[in-house]
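*Asks:* Here it is: the structure, laid out below.
The values are calculated or read from the model by the stated rules, or taken from the named source; none is laboratory data. Treat the numbers as computed from the prediction; the structure is a model and nothing was measured. Every residue, glycine among them, receives a Cβ derived from its backbone with ideal geometry; neighbour counts consider all protein chains shown. The area values use the complete protein model at the heavy-atom level, side chains included, leaving out ligands, DNA and RNA. Shrake-Rupley method; radii C 1.70, N 1.55, O 1.52, S 1.80 Å.
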Amino acid sequence: MGKEKAYKKMVEAVEDGDTDKLLETIKEVIDEADPEDLDPLEIIQIGMMPGLRHVGELFGEGEVFLPEMLMAAETFQEGMKIIEPRLTEAGKELEKTGTVVFGSVLTDIHEIGKNIVITLMKTHGFEVIDLGANVSPTTFVEKAEAANADVIAMSALMTTTMTYQKDVIDYLKEKGLRDKYIVLVGGGPVNEEWAEQIGADGSSESAVGAVDIAEKLIANRKGGK
Ligand code: B12
């Protein structure tokens with residue numbers, strides 16, 4: 001079928017919440033590709049994410065409703081089940097880069113982006129403890145302490161929930177633990193400016209960027225900078 005055509009079909013499948021069509025097309029892309037050239041991240045970023053983004057825009061404009069958004073999200077997640085093992089395989093033999101506790105903040109149930117970042121972190125040797133969604137500031141901190149984590153990473157997808165990222169940082173300060181952890185923030189409405197404003201150590205709008213920044217900040221700490 002050709003990759004471009006397949007990706008277009010996959011984007012449509014996510015938009016329509018057509019899981020069978022998505023899975024079938026992903027399998028075709030995988031079967032047709034030279035195993036050396038197969039790029040699972042490209043399948044996610046070009047073949048799937050634009051579909052979800054489009055449904056989100058339509059929802060924002062009142063053109064589609066919650067059930068459609070839910071179906072698109074479910075279809076996306078079914079696709080991830082096939083792609084994820086192909087991504088994580090690469091990370092197994094790596095030396096451990098660091099430990100991350102990762103969650104979506106309080107009252108936020110969006111997890112797709114968080115899960116992609118987690119998968120990619122694992123492929124780069126991070127040990128990641130997934131706290132799931134709707135995670136309270138106390139839970140973030142308790143779990144980080146228990147795991148002796150290097151990084152606390154928080155995802156927030158809504159303008160109404162991103163303030164909980166600040167609450168976690170404030171809670172760390174209150175406990176005298178702020179400097180113990182590298183704090184990363186991300187998710188739809190989050191940008192560098194917000195990260196700086198709330199006193200986070202970094203943010204990124206992409207999964208690859210998230211891994212990069214985590215690696216750099218950990219290396220800086222280990223180097224004593
Ligand atoms: C899928 C989806 C859902 C699904 C979520 C399923 C799930 N299990 O995750 C469902 C249908 C359940 C849902 C529900 C709701 N949603 Co919704 N949803 C979306 C949608 C379409 C896509 C989100 C997504 O998965 N994107 C794809 C991923 C890959 O992108 P991402 O999350 O941004 O992650 C990337 C980066 O941000 C970054 N990243 C992410 N996390 C982190 C963390 C760190 C540390 C770093 C460094 C980087 C990083 O890396 C990722 C990979 O590139 C968005 C639209 C949009 N434009 O985002 C709306 C959207 C976020 N939802 C919205 C709304 C309003 C809701 C609801 C309130 C709807 C309702 N009336 O009930 C509920 C909220 C429930 C709640 N309490 O949380 C609004 C939010 C508006 C706002 N206030 O800001 C949006 C923007 C839609 C819109 N245009 O109105 N939603």
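*Asks:* Here is a check on your reading of the model: is LYS92 among the basic types (Lys, Arg), open to solvent by 40 Å² or more (accessible area, probe 1.4 Å), modelled with pLDDT under 95 and away from the ligand (no atom under 14 Å from the Cβ)? Can you show your working first?
*Replies:* Details: among the basic types (Lys, Arg): yes; open to solvent by 40 Å² or more (accessible area, probe 1.4 Å): yes; modelled with pLDDT under 95: yes; away from the ligand (no atom under 14 Å from the Cβ): yes.
Taking the combined requirement at face value, the residue satisfies it.
*Asks:* Would you be able to say whether some residue in the range 71-83 is among the polar types (S, T, N, Q), touching a Ser or Thr at 6+ places or on another chain (Cβ under 8 Å) and surrounded by fewer than 18 Cβ atoms within 10 Å (Cβ to Cβ)? I'd like the intermediate steps shown before the answer.
*Replies:* Of the range 71-83, the ones among the polar types (S, T, N, Q) are 75, 77.
With the extra rule that they be touching a Ser or Thr at 6+ places or on another chain (Cβ under 8 Å), the set shrinks to 75.
Checking which are surrounded by fewer than 18 Cβ atoms within 10 Å (Cβ to Cβ) leaves us with none.
Checked against the condition, which is being among the polar types (S, T, N, Q), touching a Ser or Thr at 6+ places or on another chain (Cβ under 8 Å) and surrounded by fewer than 18 Cβ atoms within 10 Å (Cβ to Cβ), the range 71-83 yields no hits at all.
*Asks:* For residues in the range 95-114 being open to solvent by 50 Å² or more (accessible area, probe 1.4 Å), at pLDDT 95 or above and not polar (S, T, N, Q), which is farthest from GLY47 (Cα to Cα)? I'd like the intermediate steps shown before the answer.
*Replies:* Let us first name the residues in the range 95-114 that are open to solvent by 50 Å² or more (accessible area, probe 1.4 Å), namely 95-96, 107, 109-111.
Narrowing the set further to residues that are at pLDDT 95 or above leaves 107, 109-111.
Of the ones still in play, those that are also not polar (S, T, N, Q) are 109-111.
Working: ILE109: 24, HIS110: 20, GLU111: 19 Å.
My answer is ILE109.
*Asks:* Continuing with the same structure: Just give me the residues in the range 117-165 being in contact with a Lys or Arg (Cβ under 7 Å, 6 or more places away or on another chain), away from the ligand (no atom under 12 Å from the Cβ) and not hydrophobic (A, V, I, L, M, F, W, C), in sequence order.
*Replies:* GLY125, GLU127
*Asks:* Can you tell me which condition PHE102 does not meet? The list is (1) in the same structural domain as ILE152 (by TED's automatic domain parsing); (2) more than 9 Å from the ligand (Cβ to nearest atom), and all the others hold.
*Replies:* For PHE102, the exception is condition (2).
*Asks:* Still on this model: I need the full set of residues from the range 27-51 which are within 15 Å of the chain's Cα centre (by Cα) and either among the basic types (Lys, Arg) or outside any helix (DSSP H, G or I) (or both), in order please.
*Replies:* Within the range 27-51, MET48 is the sole residue that qualifies.
*Asks:* Specify which of the listed residues (GLU61, GLU78, GLU57, GLU74) is in contact (Cβ under 8 Å) with a residue 40 or more places away in the chain and near the ligand (Cβ under 10 Å from one of its atoms). Steps first, please.
*Replies:* On the way: GLU61 fails: in contact (Cβ under 8 Å) with a residue 40 or more places away in the chain; GLU78 fails: near the ligand (Cβ under 10 Å from one of its atoms); GLU57 fails: in contact (Cβ under 8 Å) with a residue 40 or more places away in the chain.
Every option except GLU74 fails the conditions.
*Asks:* Being more than 24 Å from PHE59 (Cβ to Cβ) and either in a loop (DSSP other than H, G, I, E, B) or of a type in the set (Asp, Glu) (or both) is the filter here, so list the residues in the range 1-26 that pass it.
*Replies:* Listed by number, the residues that qualify are MET1, GLY2, GLU4, GLU24.
*Asks:* Does PRO67 satisfy the criteria of being within 10 Å of the ligand (Cβ to nearest atom), outside the structural domain of ILE218 (by TED's automatic domain parsing), part of a helix (DSSP H, G or I) and surrounded by fewer than 15 Cβ atoms within 10 Å (Cβ to Cβ)?
*Replies:* Numbers: within 10 Å of the ligand (Cβ to nearest atom): yes; outside the structural domain of ILE218 (by TED's automatic domain parsing): yes; part of a helix (DSSP H, G or I): yes; surrounded by fewer than 15 Cβ atoms within 10 Å (Cβ to Cβ): yes.
Answer is yes for this residue.
*Asks:* Can you tell me which residue within the range 28-46, out of those that are within 13 Å of GLY2 (Cα to Cα) and open to solvent by 70 Å² or more (accessible area, probe 1.4 Å), is modelled with the lowest pLDDT?
*Replies:* Out of the qualifying residues, it is ASP34.
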